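Engineer: Provided herewith is a single structure, encoded as structure tokens, for subsequent inquiry.
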Amino acid sequence: MLALSFCTKESAFLVTALIGVYCIAIYLIQIWQQLFPLIDLRTSSYPFIYKKFVRGITDSIQSGIAIRKMPRSASLALFLVAITLPQWSAAIGIFQHTLFLSWTNLTLVGDIGKIGMPVGGGKVIGVLTTSTLIGISAYIGYKWCWKIWWRSALIFYSIWLTAYTTFFTNISAGIPSGIWQSLGYWIVQQGEARGDQPLFYYLLIAPIYEYLPLITSILAVVFYIRKRSKFGIYLVYWCISTFVVYTIASEKMPWLLVNIALPMIVLSGRFIGDLVNTVNWSRVLHIDQIFIFLVGPLAMIAFGVFVLTLPELKYNITMLIPAAVTAFLSYLSFLVLKRSKHQTIQSSLALLFIGSVLFLSILTVRTSIKASFNNSDIPVEMLVYTQTSPDIRLTMKSIDRINNQMGETQQPTITIDQTSGFTWPWTWYLRNYENVHYPVFSSENGPTATHSEVVLVHSRNKDASDKAFSRDFRPSIKVPHRWWFPEHMYRDFSIPKLVSQVVSIKSWQRITKYWLFREGVAENIGSEDAYLYVKEGHPDINFITEKIRHGH
């Protein structure tokens, strides 16, 4: 699994580092617990305590780092270092613009060409660094437990080499790519800060898509810290540290949310499993327990109805019904719990939470279907960062119809303006068409009369294109080539705005409508547009993006 993780995603470096830091922290805590009875904190100075602590660490490794002499936590940390150390070679590139290495003018992780790879003399440093770390890795493995290390290394690098060399067909480029560029590219991208999202980005997007594990993991954090379960504490650490690391990282993208959600899901699963074990299942079919089970879902439904049915300008008695239902349910729950014994209260609370989790699970399935299928290419979803619009697909279908009209003896001639990278996705969609041209239109190289059946130009070249294609072509049609979520709706978020929205009924209504139905965003979708010119005599195209923007 470790080898596969390094083969598939750069986040493997973060996961490995977080596990290693946790193991080292446990090791240091164990040393402190051994020294604590021997130190008088009232009379000892901080330098003395620090000296004793460092002495305790050196004493613990003085006899060697062999697996039989080290605590399990330190042993696991050493194993991770011994196996993965060469993978961290490109980390030296972090220092190329600091006083440590800037005087050398070496490029260890380049930002042009092969991004993340060393350039010129940097290649020598790269080879020396990698070779040194391979040697240190083998030395640590030899000192730790050679029998385990060489077998583990053989398995790890067999999988690693197979993946990065594409089954040994690309050895010369694959190995440098894996050993250096995989981390080097990530280091360069941190400088680019792709997405340029605010610090609170994941706090904003997680409640929209991962609300079930988010809510559950927050409760689980409190539960396991109070319970002091060792495995539970580790899951809490993994969950919180992952959230913090991805929040601090300069590159923030919606698809990286899965890396934050994974530890939350594992922690939530463990927590729900522990709660299930506290339920008295012999009483679960009693009327009071059935009521407790349904309280959570009914309260959430009542709250949603209450918010969504609030009148715009005036209040009337109907808006009080959901509030009254919620209050009544809460009161009955209080009475049931008040009559219960201590063990029964625990079981009832667990059952209340399980009922809420099942209801939120149904909502999660609904959210997944809407994001993956209903709105898969429509940026009312924050997960849709930048996406080609549905009109591109409809344009392609129109080109296919024109091709069918012209018969098998000839294909339509198509011109695609390359401005702003509009070549994609047309190079793929039109891969089976022979008469396709990709000019770059500009003020110096403007469009001219053409024999093309279909012409697609960037919006900045529209005026010149209208003149060039005024004859034989239909009037141009606006086509959003790629569009994106309207980020201005949250980028100026601040604490005062949060406070004002918390007490605003209209804000709650707007947030609930977006959370449930993705309303209130479509008309603000941003886009980079193209204009389509089709010769007379060809069928009309029924585009849909403007309908989407207007809520149809």
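The values are calculated or read from the model by the stated rules, or taken from the named source; none is laboratory data. Just so it is clear, the model here is predicted, and its values are computed rather than measured. No Cβ is skipped: glycine too gets one built from the backbone with ideal geometry, and neighbour counts run over all protein chains shown.
Engineer: Take region 185-227 and flag every residue that is among the aliphatic types (A, V, I, L, M) and more than 18 Å from the chain's Cα centre (by Cα).
Structural biologist: The answer is 188, 218, 219, 220, 221, 222, 225.
Engineer: Next question. Where in region 198-272 are there helices (runs of 4 or more DSSP H), lying fully within it, with 3 or more residues that are touching a helix residue (DSSP H, G or I) at 6+ places or on another chain (Cβ under 9 Å) and within 18 Å of residue 371 (Cα to Cα)? Please lay out each step first, then the result.
Structural biologist: Working: elements: 201-209, 211-227, 230-248.
The qualifying helices (runs of 4 or more DSSP H) are 201-209, 211-227.
Engineer: If I ask for residues that are part of a loop (DSSP other than H, G, I, E, B) and touching a Pro at 6+ places or on another chain (Cβ under 8 Å), which ones from region 448-479 would you list?
Structural biologist: If the condition is that a residue be part of a loop (DSSP other than H, G, I, E, B) and touching a Pro at 6+ places or on another chain (Cβ under 8 Å), then 452, 453, 469 are the ones that fit.
Engineer: Could you run through region 480-504 and say how many residues are outside any helix (DSSP H, G or I), surrounded by fewer than 11 Cβ atoms within 10 Å (Cβ to Cβ) and in contact with a Gly (Cβ under 9 Å, 6 or more places away or on another chain)? Talk me through it step by step, then tell me what you get.
Structural biologist: Let us first name the residues in region 480-504 that are outside any helix (DSSP H, G or I), namely 480-487, 492-494, 503-504.
With the extra rule that they be surrounded by fewer than 11 Cβ atoms within 10 Å (Cβ to Cβ), the set shrinks to 492, 494, 503.
Applying the additional criterion that residues be in contact with a Gly (Cβ under 9 Å, 6 or more places away or on another chain) yields none.
Residues that pass the stated criteria total 0.
Engineer: In addition: Residues in region 108-120: is at least one among the acidic types (Asp, Glu) and within 26 Å of residue 175 (Cα to Cα)?
Structural biologist: Yes; the residues of region 108-120 include at least one that is among the acidic types (Asp, Glu) and within 26 Å of residue 175 (Cα to Cα).
Engineer: Could you please tell me which pairs satisfy a Cβ distance under 6 Å, a separation of 6+ or placement on different chains, a first residue in region 424-435 that is farther than 12 Å from residue 388 by Cα, and a second residue that is surrounded by 13 or more Cβ atoms within 10 Å (Cβ to Cβ)?
Structural biologist: Partner pairs satisfying both residue conditions: 429/396; 430/436; 433/411; 434/411; 435/411; 435/413.
Engineer: Out of curiosity, is residue 391 surrounded by fewer than 20 Cβ atoms within 10 Å (Cβ to Cβ) and either touching a Ser or Thr at 6+ places or on another chain (Cβ under 8 Å) or more than 30 Å from residue 521 (Cα to Cα) (or both)? Reasoning before the result, please.
Structural biologist: Numbers: surrounded by fewer than 20 Cβ atoms within 10 Å (Cβ to Cβ): no; either touching a Ser or Thr at 6+ places or on another chain (Cβ under 8 Å) or more than 30 Å from residue 521 (Cα to Cα) (or both): yes.
Here the answer is no, as residue 391 does not meet what is asked.
Engineer: Those residues that are assigned to a loop (DSSP other than H, G, I, E, B) and out of contact with any strand residue (DSSP E or B) (no Cβ under 8 Å at 6 or more places or on another chain), I need them from region 410-445; list them, please.
Structural biologist: 410, 411, 418, 424, 431, 432, 434, 440, 442, 443, 444, 445
Engineer: Here are the criteria: (1) buried (at least 16 other Cβ atoms within 10 Å of the Cβ); (2) over 30 Å from residue 427 (Cα atoms); (3) modelled with pLDDT of 65 or more. Tell me which single one residue 371 does not satisfy.
Structural biologist: Of everything listed in (1) buried (at least 16 other Cβ atoms within 10 Å of the Cβ); (2) over 30 Å from residue 427 (Cα atoms); (3) modelled with pLDDT of 65 or more, residue 371 misses just condition (2).
Engineer: Inside region 501-552, can you point out the residues that are of a type in the set (A, V, I, L, M) and out of contact with any His (no Cβ under 9 Å at 6 or more places or on another chain)? Explain how you work it out, then say what you get.
Structural biologist: In the first step, residues of region 501-552 are kept if they are of a type in the set (A, V, I, L, M); the result is 502-503, 505, 511, 516, 521-522, 525, 530, 532, 534, 541, 544, 548.
Those that are of a type in the set (A, V, I, L, M) and out of contact with any His (no Cβ under 9 Å at 6 or more places or on another chain): 502, 503, 505, 511, 516, 521, 525, 532, 534, 541, 548.
Engineer: If you don't mind, there's one more thing I want to ask. Among (1) more than 30 Å from residue 255 (Cβ to Cβ); (2) touching a residue at least 12 places away in the same chain (Cβ under 8 Å), where does residue 43 come up short?
Structural biologist: In the conditions (1) more than 30 Å from residue 255 (Cβ to Cβ); (2) touching a residue at least 12 places away in the same chain (Cβ under 8 Å), residue 43 misses (2) alone.
Engineer: Find all pairs meeting these conditions: Cβ atoms under 7 angstrom apart; at least six residues apart or on different chains; first residue within region 494-513 and more than 22 Å from residue 198 (Cα to Cα); second residue outside any helix (DSSP H, G or I).
Structural biologist: Qualifying pairs under 7 Å: 505/310; 509/310; 513/519; 513/520.
Engineer: For region 348-385, name all the residues that are closer than 24 Å to residue 276 by Cβ and within 16 Å of the chain's Cα centre (by Cα).
Structural biologist: Hit for region 348-385 is 368, nothing else.
Engineer: Can you pull out every residue in region 273-289 that is at pLDDT below 75 and not in a helix (DSSP H, G or I)?
Structural biologist: 284 - this is the single residue of region 273-289 that is at pLDDT below 75 and not in a helix (DSSP H, G or I).
Engineer: Kindly evaluate residue 203 against the criterion of being outside the structural domain of residue 358 (by TED's automatic domain parsing), of a type in the set (A, V, I, L, M, F, W, C) and under 25 Å from residue 360 (Cβ atoms).
Structural biologist: Answer is yes for this residue.
Engineer: Is it fair to say residue 510 is more than 30 Å from residue 392 (Cα to Cα), surrounded by 11 or more Cβ atoms within 10 Å (Cβ to Cβ), under 26 Å from the mean Cα position of the chain (by Cα) and not assigned by TED's automatic domain parsing to the domain that holds residue 399?
Structural biologist: yes
Engineer: Under 17 Å from residue 156 (Cα atoms), β-branched (Val, Ile, Thr) and in the same structural domain as residue 116 (by TED's automatic domain parsing): which single residue out of 21, 81 fits that description?
Structural biologist: 81
Engineer: Quick one: what pairs do we get from region 531-546, first residue among the hydrophobic types (A, V, I, L, M, F, W, C), second part of a strand (DSSP E or B), C-beta under 6 Å, 6+ apart or different chains?
Structural biologist: 532/456; 532/477; 532/479; 534/454
Engineer: Return the total of residues in region 533-551 being in a strand (DSSP E or B) and either at pLDDT 95 or above or among the charged types (D, E, K, R) (or both). Steps first, please.
Structural biologist: To start, the set of residues in region 533-551 that are in a strand (DSSP E or B) comprises 533-535.
Adding the requirement that they be either at pLDDT 95 or above or among the charged types (D, E, K, R) (or both) leaves 535.
So the answer is 1.
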